[in-house]
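In what follows, a structure is listed as structure tokens, so that the remarks can point back to it.
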Amino acid sequence: MRKCPRCHDEMKENCYIKDTAQPISDFTLIEKNENLKKKEYSLKAALCKKCGYVELYVDVKED
């Protein structure tokens, strides 16, 4: 459970950002290590329905 840093209300997690120009694309975060190997994470969003604050995050537990 995430708390909003502005109003301290509970945030709704597992939301996604949609690019209206490319509706089939997902945003991903790519992490490179020192050997230039890549690891991709789906970019997710959390939304505070009280004040409208949006926070982007990756779920690193999906490894």
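Throughout, read-outs are computed from the coordinates displayed, never taken from laboratory work. Since this is a predicted model, take the numbers as computed values, not measurements. We place every Cβ from the backbone using ideal geometry, glycine too, and count neighbours over all the protein chains shown.
Step by step: first the residues of segment 11-50, then only those that are of a type in the set (A, V, I, L, M, F, W, C) and loosely packed, with under 11 Cβ neighbours inside 10 Å, then the one that is nearest to Lys61 (Cα to Cα). Which residue is that? Break it down stepwise before answering.
Taking segment 11-50 as the starting set, the residues that turn out to be of a type in the set (A, V, I, L, M, F, W, C) are 11, 15, 17, 21, 24, 27, 29-30, 36, 43, 45-48.
Next, from what is left, pick out any that are loosely packed, with under 11 Cβ neighbours inside 10 Å: 21, 24, 30, 36.
Working: Ala21: 30, Ile24: 24, Ile30: 15, Leu36: 22 Å.
Selected residue: Ile30.
Please determine, by comparing only the residues of segment 1-40 that are charged (D, E, K, R) and in contact with a Ser or Thr (Cβ under 8 Å, 6 or more places away or on another chain), which one is farthest from Val54 (Cα to Cα). Please lay out each step first, then the result.
Start the filter on segment 1-40 by keeping residues that are charged (D, E, K, R), which leaves 2-3, 6, 9-10, 12-13, 18-19, 26, 31-32, 34, 37-40.
Checking which are in contact with a Ser or Thr (Cβ under 8 Å, 6 or more places away or on another chain) leaves us with 19, 26, 40.
Working: Asp19: 16, Asp26: 17, Glu40: 22 Å.
Filtering segment 1-40 for residues that are charged (D, E, K, R) and in contact with a Ser or Thr (Cβ under 8 Å, 6 or more places away or on another chain), the one farthest from Val54 (Cα to Cα) comes out as Glu40.
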